[in-house]
Amino acid sequence: MITILLFAHLQETVGKDRIELPIEQLTVMELKTALKQTYPLLELDHVMTAVNEEFARDNSKVTAGDIVAFIPPVSGG
Amino acid sequence: MITILLFAHLQETVGKDRIELPIEQLTVMELKTALKQTYPLLELDHVMTAVNEEFARDNSKVTAGDIVAFIPPVSGG
Amino acid sequence: MSNNLFEIVEEPIEINAIIKKVERREAGAITTFIGTVREWTRGKQTIYLEYQAYIPMAVKMLAKIGEEIGEKWPDTKIGITHRIGRLDISEIAVAIAVSSPHRKAAYEANEYAIERIKQIVPIWKKEHWSDGETWIGDQLENVPYESGRPNVKDVE
Amino acid sequence: MSNNLFEIVEEPIEINAIIKKVERREAGAITTFIGTVREWTRGKQTIYLEYQAYIPMAVKMLAKIGEEIGEKWPDTKIGITHRIGRLDISEIAVAIAVSSPHRKAAYEANEYAIERIKQIVPIWKKEHWSDGETWIGDQLENVPYESGRPNVKDVE
């Protein structure tokens with residue numbers, strides 16, 4: 001199981017703040033592609049991704065048990 | 001009467017924080033020269049002077065009723 | 001508030017508490033930055049803001065900023081607290097305190113911290129304007145998105 | 001403390017009170033600078049400090065710094081309070097708060113203020129070291145005088 005966390009407008013677009021997918025392993029890029037097939041999340045190509053609270057690249061591996069968060073441009077402060 | 005205010009080490013050197021001189025008019029430079037004849041204030045040549053709370057130059061006029069303050073290098077903050 | 005130097009909180013921020021965390025007898029200078037909710041932005045009126053964070057990662061990233069500052073300005077000590085949830089006009093969203101033996105480093109490290117917060121800390125704000133609402137998406141706050149969604153752009 | 005933006009006081013400085021003076025609904029950024037009594041300076045230990053001011057002129061010069069800042073950074077609002085008398089380690093000698101719609105000006109104006117205070121405001125500090133006492137005479141605090149008197153130098 002991979003847990004996906006959504007924030008800000010991504011959360012509003014999907015209508016929930018987390019998605020669980022029964023997947024063993026894939027890359028960040030593959031995960032984004034999979035999600036776009038189910039949800040209207042075109043901007044996933046352009047947001048940052050964190051795996052287990054660390055920024056990750058599109059070719060990073062995601063394995064069952066990992067928490068993936070999509071990080072739209074931040075606006076704290 | 002001209003009132004002269006002394007601060008910091010100048011005050012300690014002279015042993016008081018103000019001097020009153022029964023003078024009608026003179027320049028800042030002349031005042032410094034007069035004071036140096038009475039007090040061990042050699043550094044007067046090198047401190048700033050304020051007349052009535054505004055910085056003044058050595059050739060500025062000082063008139064009876066004025067308050068003259070000698071301003072050693074400041075160290076606030 | 002706790003004694004942690006890097007915090008995400010939901011209650012109002014007490015600036016004195018943040019200052020206390022960085023006070024040291026060898027530090028003669030403390031700078032603080034207080035980011036408050038501004039009512040007017042380029043002629044648009046804000047009614048209130050809503051901040052959301054990916055909390056555990058946000059705390060981690062604040063601590064990372066602290067590490068970066070420790071490398072660049074070794075004598076400083078920094079504390080950062082960011083609030084989330086609903087904030088009204090003039091309420092404090094973020095407070096940064098930096099202590100240092102000398103003031104130059106205290107100013108520089110403080111400004112560096114707020115710049116980095118706007119780059120790497122997963123916190124988002126939603127503006128509730130008098131005429132609608134918008135998730136703000138540009139890290140440097142220069143370009144609020146016109147619609148409710150950001151323009152896509154590659155941030156990597 | 002009163003509502004005056006520029007003050008010389010003898011009682012302890014309350015940083016929140018200074019911040020309050022500059023808060024505005026249109027300002028999203030407030031920077032503060034807090035100058036405290038440092039215990040160690042280049043290996044010398046300070047026991048306490050004594051500040052003396054030419055009070056009416058000091059207030060005037062603080063207000064002049066405020067005017068200069070109003071010209072250079074028109075959207076800012078600044079408050080400065082300096083304490084005099086005896087101050088122990090870690091006590092606040094000076095507090096500067098600047099509010100601004102945007103943060104850059106708040107940092108710049110704040111740093112400008114402390115630099116100018118050290119140039120033109122008639123306030124002097126006497127260090128009471130563990131091994132003697134000295135009136136500090138260099139405006140930028142780089143060269144404490146070795147003896148009780150400053151080295152003469154032309155400041156005009």
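The values are calculated or read from the model by the stated rules, or taken from the named source; none is laboratory data. It should be emphasised that the depicted structure is a prediction, and the values quoted were computed from it without experimental measurement. Cβ placement follows ideal geometry from the backbone for every residue including glycine, while neighbour counts extend to all protein chains displayed. For accessibility, only protein heavy atoms count, side chains too; no ligands or nucleic acids. Shrake-Rupley method; radii C 1.70, N 1.55, O 1.52, S 1.80 Å.
What Kirkwood Rh does chain A have if only Cα atoms enter the pairwise 1/r average? Answer in Å. Please report the intermediate quantities before stating the final value.
On the way: mean 1/r = 0.0808 Å⁻¹.
Across chain A, the inverse of the average 1/r is 12.4 Å.
Using the Cα atoms of region C:6-136 to build a convex hull, what is its mean projected area in square nanometres? Could you put the intermediate results ahead of the total?
Values: hull surface 31.1 nm².
Mean shadow area of the hull around the Cα atoms is 7.8 nm².
In whole Å, what is the distance between the alpha-carbon centres of region C:36-51 and region A:8-76?
Centre-to-centre distance over Cα atoms comes out at 30 Å.
What does DSSP give for chain B in terms of the percent of beta bridges that are antiparallel, rounded to the nearest 5? Walk me through the numbers on the way to the answer.
Working: 14 of 17 bridges.
The answer is about 80 percent antiparallel.
Spelling out what I want: for every residue of region A:48-62, take phi, set θ = phi - 60°, compute 6.51 cos²θ - 1.76 cosθ + 1.60 (Karplus), and round to whole Hz; glycine and proline get x.
So the J values, rounded to whole Hz, are 6, 10, 10, 10, 6, 6, 10, 4, 10, 9, 4, 8, 5, 7, 10.
From the backbone phi of region D:24-31, what are the Karplus-calculated ³J(HN,Hα) couplings (6.51 cos²θ - 1.76 cosθ + 1.60, θ = phi - 60°) in whole Hz, Gly and Pro given as x?
Each residue of region D:24-31 in turn: 8, 5, 8, 9, x, 9, 10, 9 Hz.
Counting each DSSP H run of 4 or more residues in chain C as -39500 (n - 2.57), what helix-only mean residue ellipticity at 222 nm follows after dividing by all residues, to the nearest 500 deg cm²/dmol? Spell out each step's value before the answer.
Numbers: 3 runs with 44 residues, N = 156.
Dividing the helical sum by the residues of chain C leaves -9000 deg cm²/dmol.
What is the spin-label model distance, in nm, from A:D58 to D:E71 if the labels are put 7 Å beyond Cα along the C-beta direction?
5.4 nm
What do you get for trypsin sites (Lys or Arg not before Pro) in region D:38-113 restricted to DSSP loop and a cutoff of at most 16 other Cβ within 10 Å of the site's Cβ?
Numbers: sites: D:R38, D:R42, D:K44, D:K60, D:K64, D:K72, D:K77, D:R83, D:R86, D:R103, D:K104; in loops: D:R38, D:R42.
Passing both the DSSP loop test and the Cβ count: D:R42.
Quick query: amide H of D:Y48 versus all other amide H atoms, modeled in the peptide plane; which residues come in under 5 Å with a sequence gap of 5 or more or a different chain?
The answer is D:H128.
Enumerate by residue number the GluC sites (Glu not before Pro) in region B:18-77 meeting two conditions: DSSP loop (anything except H, G, I, E, B), and at most 12 other Cβ atoms within 10 Å of the site's Cβ.
Passing both the DSSP loop test and the Cβ count: B:E24.
Across peptide C:96-109, how many C-beta atoms of other chains are within 10 Å of each residue C-beta, on average?
Working: counts 2, 2, 0, 2, 0, 5, 3, 10, 1, 0, 4, 7, 2, 0.
Mean partner shielding for this stretch: 3.
Taking the Cα centre of the protein assembly as shown as origin and charging only Cβ (+1 Lys, Arg; -1 Asp, Glu), how large is the dipole, in debye to the nearest 20?
20 debye
Note down the accessible area of C:K126, probe 1.4 Å, to the nearest 10 Å².
10 Å²
Would you grab the residues whose amide H sits under 5 Å from the one on A:V62? Only those 5+ places off in sequence or on another chain, please, with H modelled 1.01 Å from N.
A:L26, A:T27, A:V28
Using the Karplus equation 6.51 cos²θ - 1.76 cosθ + 1.60 (θ = phi - 60°), what ³J(HN,Hα) coupling, rounded to whole Hz, does each residue of region C:101-114 give in order, writing x for Gly and Pro?
x, 10, 6, 4, 5, 5, 5, 5, 5, 5, 5, 4, 4, 5
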